[in-house]
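The values are calculated or read from the model by the stated rules, or taken from the named source; none is laboratory data. Nothing here was measured: the structure is a model prediction, and the numbers come from that model. Here the Cβ positions follow ideal geometry from the backbone for every residue, glycine too, while neighbour counts run over all protein chains shown.
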Amino acid sequence: MKELKYTLIADGSSDAVLLKIIKWVLDDLYPQLTCEGSFADFRRLPNPPKQLNDKVQFAKLYYPYNILFVHRDAESTTKDKIVDQRRHEIRMQLYEYDREKTVCVVPIKMMETWLLINEDAIKKAAGNRNYRGDIDLPSLRTLERVNHPKEYLHTLLRNTSGVKNRNLKKFNVDQRVHLVADYIEDFSPLRSLSAFQTFEEDLKAVVGNYIED
């Protein structure tokens, strides 16, 4: 079986947590495929690229890949229409020969939506795995209707931590979000979400073409 190198270009550096989800999907679908992923971080370049097509060209130089993942938040709880629109926007910014190697990652509404699925992971990430209070996670049926998933997850982490007053100001919630992803071992519940289903379908098509080449 071939080795697969993949690179993620995302909206922001915090979205690098999507690498964990991508790796899980690849390992689950293609257990015999050796995969290695990178996050394209252009912040230290003298003149960081701003347009997606320019980012892709820089990624080829600094983070060479067989398959490219491009993340963009849907920024809406409207389902199929907005996801299709974002995917179209991504593809229209790419050269045609880059499109066939690109998988669009468009969560509804934001990346954090895909992390609101596991209470134990949130407890561990918050540093309080013995937390006995209620963690009010949305059901999978309503998950894509959460309007502010980033703030929702941040609040859950702060409340679950048990940290108070001055120490709460030192609580690095962005770092804890990364830990949530690290502590989730099974992302299969996401397969009930429309946006994730679209992402996985795109991934299968692109990876399938790569394997057959």
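Go over the candidates L137, L156, L143 one by one and state the one that is within 16 Å of the chain's Cα centre (by Cα) and either outside the structural domain of L68 (by TED's automatic domain parsing) or surrounded by 20 or more Cβ atoms within 10 Å (Cβ to Cβ) (or both).
Within the list L137, L156, L143, the selection yields L143.
So which strands (runs of 3 or more DSSP E) stay within the stretch 1-81 end to end and still have 2 or more residues that are basic (K, R) and under 26 Å from R141 (Cα atoms)?
none
For a quick check of your reading of the model, give me the residue pairs whose first member lies in the stretch 131-149 and is of a type in the set (K, R), whose second is surrounded by 10 or more Cβ atoms within 10 Å (Cβ to Cβ), with beta-carbon atoms closer than 7 Å and at least 6 apart or on different chains.
Pairs found: R145/T77.
Tell me yes or no: at least one residue of the stretch 14-24 is surrounded by fewer than 18 Cβ atoms within 10 Å (Cβ to Cβ) and over 21 Å from V177 (Cα atoms).
No.
Any residue in the stretch 162-170 that is surrounded by 12 or more Cβ atoms within 10 Å (Cβ to Cβ) and not in a helix (DSSP H, G or I)?
yes
Restricting the search to the stretch 179-199, which residues are within 17 Å of H71 (Cα to Cα) and surrounded by fewer than 17 Cβ atoms within 10 Å (Cβ to Cβ)?
Within the stretch 179-199, S194, Q197 qualify.
For residues that are of a type in the set (S, T, Y), in contact with a helix residue (DSSP H, G or I) (Cβ under 9 Å, 6 or more places away or on another chain) and under 18 Å from G208 (Cβ atoms), tally how many sit in the stretch 24-70.
So the answer is 2.
Can you find even one residue in the stretch 28-47 that is under 22 Å from T198 (Cα atoms) and within 12 Å of the chain's Cα centre (by Cα)?
Yes, some residue in the stretch 28-47 is under 22 Å from T198 (Cα atoms) and within 12 Å of the chain's Cα centre (by Cα).
Here's a check for you: in the stretch 1-13, which residue that is farther than 18 Å from W114 by Cα and in contact with a helix residue (DSSP H, G or I) (Cβ under 9 Å, 6 or more places away or on another chain) is surrounded by the fewest Cβ atoms within 10 Å (Cβ to Cβ)?
That would be M1.
Mind telling me which of the residues V103, V83 ends up being aliphatic (A, V, I, L, M), modelled with pLDDT of 90 or more and surrounded by 15 or more Cβ atoms within 10 Å (Cβ to Cβ)?
After applying the criteria, what remains is V103.
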